[in-house]
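The values are calculated or read from the model by the stated rules, or taken from the named source; none is laboratory data. These numbers were taken from a predicted model, which means no experiment stands behind them. Positions of Cβ are backbone-derived with ideal geometry, glycine not excepted, and every protein chain shown enters the neighbour counts.
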Amino acid sequence: MSYEFLQILWFILIAVLWIGFFFLEGFDFGVGMLLPFLGKKDEERRAIINTIGSVWDGNEVWLLTAGGATFAAFPEWYATMFSGFYLALFLLLVGLILRGISFEYRSKDAAPAWRNRFDWMIAIGSFLSALLLGAAFANLARGVPINADKMFTGNLFTLLNPYGLLGGVTTVAIFLLHGANFLGLKLEGEMRNRVNAAAKKIWAVTTVLYILLGVFTYVAGFWSRGVVNPGIVPIAAVVVLLLAGYFLNRKMEGWSFIMVALNIVLTQVTFFSMTFPNVMLSTTNPDWSLTIYNASSSQYTLTVMSIVALIFVPIVLAYQGWTYYMFRKRISTDKKTLVY
Amino acid sequence: MDIVILSRLQFALTTIYHWLFVPLTLGLGWFVAFFQTRYYQTKDETWHKMTKFWGKLFLINFAIGVVTGIVQEFQFGMNWSEYSRYVGDIFGAPLAVEALVAFFMESTFLGIWIFGEGRVPEKVHLASIWLAALGSNLSALWILLANSFMQAPPAASYVFNAEKGRLELVNFFALIGNPKGWIFFWHTISDGLAMAAFLILAVSAYHIIRKQNLAFFKLSFQIAAVVGLVASVLIFLGGHTMGQYMREVQPMKLAAIEAIWETEQPASFSLLTIGDLSGKKEVWSIRIPGAMSFLACNNFTCEVKGVNELQAQYEQQYGPGDYVPLMIVTYWTFRIMMAFGFVMMGMTAFFVWSNSRGDITKAKWMKWVPAMLILPYLANASGWILTEMGRQPWIVYGLLKVQDAVSPNLTAVDLLISLIGYTAVYGSLAVAMVYLMKKYAIAGPDAAMHESVDVAPARVGSQD
């Protein structure tokens, strides 16, 4: 396999890992943020947590794998991005730690104050994570100050520009909608109606934000800098988002879930095709951008990693998919059936 | 403040903390899998209770290892970007494999195990705990292979690419066949088993002295004593092999942990040494003649190189600089680790012997056992401090120094924010974790039988 082929392959593989992460952990984040608002009574909150209890940790591994794969395949990208977005990533880690530990610990003590504290930590941790991930990706699309030595020269406030913030808030909204759809599929009875009512409101806000983000991206010229034109992909993303609203109004949660999931996938496809072959655009000087060519590992490492991925990715997909199939039943608020 | 010192401090804090929880995960997973297998085979309710009770403690501990593990993977890039650029071509590979092969397996199957009882077929449920335990231990293997590249980079595995100014992988099998990594792995998984054994011993002893659930805890104690003994012998053998390998690949570390200033043949082992303030000269010591030669090469006559000779040699090889690790740390952490390791071995041997002689539940010494839980934790932390500080000033032994590896764009303010932040978050996690561990350990097996915690006594912890 030629060196360039491998570099493109790994760009695509990392894109796939991020798509998988946003698709799966996206609804986890949404469920987490909705938890204190949709769960009135303790068993309702427990039911909400139980919808993702068996899968959230596995979903989060997509992020770890995306990080590890970036390190292995594009060490310069990993080094520049992770050191450059230092404080943002620190806050992301705090968010992930708080929500992760809270899932496991909140129901292990009966005191209402204990539980309430962990519930809010789940919500705040999920919110923080979604916001920061969205802002980080928006900044990658926009470009960040990078010098000739592939070093990030900004700070946390560099990332807090209007486009970055809009990207963050829109991501929060999409994940809320994705989470609400997921809850609609997993809960039953009165809870299901409550979720549907909330989803409709979230959908309206999300759609406005999403279109705003799209217009901003287009007007600011952020999507014409790579060599691939995303073409109709972003338009399709808007269409599926509109369709999600249509299905929500008819209480067809399954279809609405699929539409929002597609929206997330298509948004990521747009993002990655917009940037290709750049992985980090330099706003200081476009020639100093990190690309798949100047940021990648050696041909040998990419070859080895391709073989590893070829063997293990299908296995992982098979058993993760199988888990969802095993736990496909709806979750009731019956205390005897709740685990977390 | 210096960003190198702050970055090192943060790495030490987050890594030592992470490693307080991981060994228990590594070892206790096997225990729970074994208990559940016995239950599956015999349908005896005692084994079921054992699975549930020790499984609860396993899960409470597991959660902290998971959430602090994400920090571990991110901070190479966040704090050590120049390191990541210089060796990412090599070091990134085992990390990516760890995530893909081990983390997915561990998290997915543990999820099935936690939620699956009564929902998935019994065989699948049993297999899931074995796979989760295997996944954790596989992740240990991959991260240790990565770490062993920093300790003893195999010459056949890499080349220097002058054009890109970095090291590149040329032989993946040399990287993953690194003997250092496999000895580490052996030492580490047996250490995990010993840690788990001591937790079971301590909690069982707590209940035995209170005459609660005697049959349950006596059986737990007996199993843990045997496993603890076997594991501590394996730890010793692994450590001994590591010492001999160290003589070849990290002679300076070996000299520094033994406080051998001048090259000796045969080399004596110092039981106790007092050095002068510079740490470069010996003032007084008690020594066993020839013993160091035995530790380093299995005979009583071989030569062990001293710190001063190695320092001179390294200056010639790598240019001026201080190549001696902080000896007061390497010397004492090594002795703490070894001493506690031997105490653990002796104690578990004593437990096994006592058990063969009569009823251990009536033994007077039982009341001292719960306090012994501290031993594996201290031995463990000491061992890793020794391993990592003995590598100084190198981040990759002989190839890259720590001071050249840090992220140059960070400011002291950035680092103080994250350092204080991690300390606060990790501190609170520890408080919650210790509270829950104590609560469930004290509540005993009956409370752990309820899948839903609501059904469990609201105020567990009463002594009777």
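Does B:GLY69 qualify as being assigned to a helix (DSSP H, G or I), more than 7 Å from chain A (Cβ to nearest Cβ) and under 30 Å from B:ARG166 (Cβ atoms)?
It is true that B:GLY69 is assigned to a helix (DSSP H, G or I), more than 7 Å from chain A (Cβ to nearest Cβ) and under 30 Å from B:ARG166 (Cβ atoms).
Hey, can you tell me all the residues within the stretch A:314-340 that are buried (at least 17 other Cβ atoms within 10 Å of the Cβ), within 7 Å of another protein chain (Cβ to nearest Cβ) and touching a residue at least 40 places away in the same chain (Cβ under 8 Å)?
Passing the criteria: A:GLN320, A:THR323, A:PHE327, A:LEU338, A:VAL339.
I'd like to check something: does the stretch B:82-102 contain any residue that is within 20 Å of A:VAL61 (Cα to Cα), more than 8 Å from chain A (Cβ to nearest Cβ) and of a type in the set (A, V, I, L, M, F, W, C)?
Within the stretch B:82-102 (the criterion being within 20 Å of A:VAL61 (Cα to Cα), more than 8 Å from chain A (Cβ to nearest Cβ) and of a type in the set (A, V, I, L, M, F, W, C)), the answer is yes, since at least one residue qualifies.
Would a scan of the stretch A:70-79 turn up a residue that is free of Cβ contacts under 8 Å to residues at least 60 places away in the same chain, part of a helix (DSSP H, G or I) and surrounded by fewer than 24 Cβ atoms within 10 Å (Cβ to Cβ)?
No; the residues of the stretch A:70-79 include none that is free of Cβ contacts under 8 Å to residues at least 60 places away in the same chain, part of a helix (DSSP H, G or I) and surrounded by fewer than 24 Cβ atoms within 10 Å (Cβ to Cβ).
Return the residue satisfying two criteria in turn: it lies in the stretch B:284-304 and is more than 18 Å from B:HIS240 (Cα to Cα) and surrounded by 13 or more Cβ atoms within 10 Å (Cβ to Cβ), and of such residues it is modelled with the highest pLDDT.
Here the answer is B:ARG287.
Can you say whether B:THR46 is buried (at least 19 other Cβ atoms within 10 Å of the Cβ) and in contact (Cβ under 8 Å) with a residue 60 or more places away in the chain, as far as the supplied structure shows?
Criteria not met by B:THR46.
Looking at the structure I just gave you, is B:LEU28 more than 14 Å from chain A (Cβ to nearest Cβ) and under 17 Å from the mean Cα position of the chain (by Cα)?
Judged against the criteria, B:LEU28 is a match.
Going through B:PHE11, B:PHE35, B:PHE31 one at a time, which residue ends up being under 17 Å from B:LEU201 (Cα atoms), among the aromatic types (Phe, Trp, Tyr) and in contact (Cβ under 8 Å) with a residue 40 or more places away in the chain?
Just one listed residue meets the conditions, B:PHE31.
I need the full set of residues from the stretch A:44-69 which are out of contact with any Asp or Glu (no Cβ under 7 Å at 6 or more places or on another chain), surrounded by fewer than 24 Cβ atoms within 10 Å (Cβ to Cβ) and of a type in the set (Asp, Glu), in order please.
A:GLU44
Can you tell me which residue among A:GLY125, A:GLY67 is touching a Lys or Arg at 6+ places or on another chain (Cβ under 6 Å), within 20 Å of B:PHE103 (Cβ to Cβ) and either assigned to a helix (DSSP H, G or I) or at pLDDT 95 or above (or both)?
One residue alone meets the criteria, A:GLY125.
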